[in-house]
Amino acid sequence: MTSRVALVTGGTGGIGTAICQRLADQGHRVATNYRDYAKALAWREMMLARGCDVAIFPGDVADPDTAEAMVHAVEAALGPIEILVNNAGITRDTTFHRMRADQWHDVINTNLNSVFNVTRPVIEGMRRRGWGRVIQISSINGLKGQYGQANYAAAKAGMHGFTISLARENAGFGITVNTISPGYVATDMVMAVPDEVRAKIIADIPTGRLGKPEEIAYAVAFLVNEEASWITGSNLDINGGHHMGW
Ligand code: NDP
């Protein structure tokens, strides 16, 4: 397999860690961003101990300037970014009638505007070189909605419109653009949900369990393969049967 340069945003998180590991195991040169250097350094050392060398660069994906600087720093160190996984995300859950403007804007900026901030400085190079893979990590809740997540669901649904438009614009340039919509995966984001709410969620999942980060990473690895070059503008639901939409 050709070794590519991959940028995974939010690589230090639960799903991001598994994606970084999987892409590195495939022989790709992987980079991620950090906001807290000490935390990222500890994470990098943990990954190195597992035999996984992930380069770390400062960057807040919600901020256009630092996101662009991060892309340039990755490219200066590792070479042109050929695989981009827009994975960084946050929740600020509350019902809409109680939602403050900062809770709305923080989630839209981090989960949706980030996709502009990071993809924009990457896409022109991919077009020039005639090859690229862009993957958005959306969510089951961007498809079915969720109580207390009007901000999150709006951002995650927005990713789909972005994916299918970018896929059309770039299909003639060897670039595929796809979305993965995970269901509930056992990461800090989901473990932060109160136990009784999590138990109710699990009871609704036909497979009877939360997903594993590695199960999302597996789909990323699939979509970046050379053989996946005819898969573009698609959404891959990975949710244990929790939401079967058409
Ligand atoms: P985590 O909370 O474990 O990790 C989130 C990652 O995003 C962290 O590395 C975090 O870095 C980073 N991040 C957050 N905000 C920013 C920012 N402004 N700039 C740069 N990096 C940032 O989340 P998960 O691994 O669970 O989720 C990963 C993605 O998958 C998210 O987009 C999430 O919405 C989506 N998802 C998750 C599901 C789940 O069940 N876990 C289900 C469906 C979708 P830092 O340490 O600096 O905060």
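Could you tell me which numbered condition Asn178 fails, if it satisfies all but one of (1) part of a helix (DSSP H, G or I); (2) within 13 Å of the chain's Cα centre (by Cα); (3) away from the ligand (no atom under 12 Å from the Cβ)?
So Asn178 meets the others, but not (1).
If you take the residues in segment 126-138 that are open to solvent by less than 10 Å² (accessible area, probe 1.4 Å) and outside any strand (DSSP E or B), which one is nearest to Thr163 (Cα to Cα)?
Ser138
Per-residue answers, yes or no, for (1) open to solvent by 10 Å² or more (accessible area, probe 1.4 Å); (2) of a type in the set (A, V, I, L, M, F, W, C); (3) farther than 23 Å from Ile216 by Cα; (4) touching a helix residue (DSSP H, G or I) at 6+ places or on another chain (Cβ under 7 Å):
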| position | (1), (2), (3), (4) |
| --- | --- |
| Phe116 | yes, yes, no, no |
| Arg120 | yes, no, yes, no |
| Gly142 | yes, no, no, yes |
| Ala157 | yes, yes, no, yes |
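Out of Thr207, Thr179, which single residue is hydroxyl-bearing (Ser, Thr, Tyr) and surrounded by 21 or more Cβ atoms within 10 Å (Cβ to Cβ)?
Answer to the selection: Thr179.
Please work out if Leu112 is under 13 Å from the mean Cα position of the chain (by Cα), hydrophobic (A, V, I, L, M, F, W, C) and outside any loop (DSSP other than H, G, I, E, B).
yes
Might you let me know whether segment 148-167 holds any residue that is in contact with a Lys or Arg (Cβ under 8 Å, 6 or more places away or on another chain) and farther than 25 Å from His242 by Cα?
No, segment 148-167 has no match at all.
When you check Gly172 against the structure, is it open to solvent by 10 Å² or more (accessible area, probe 1.4 Å), free of Cβ contacts under 8 Å to residues at least 40 places away in the same chain and touching a strand residue (DSSP E or B) at 6+ places or on another chain (Cβ under 7 Å), yes or no?
no
The values are calculated or read from the model by the stated rules, or taken from the named source; none is laboratory data. Since this is a predicted model, take the numbers as computed values, not measurements. Every residue, glycine among them, receives a Cβ derived from its backbone with ideal geometry; neighbour counts consider all protein chains shown. Surface accessibility is based on the protein's heavy atoms, side chains included, excluding ligands, DNA and RNA. Shrake-Rupley method; radii C 1.70, N 1.55, O 1.52, S 1.80 Å.
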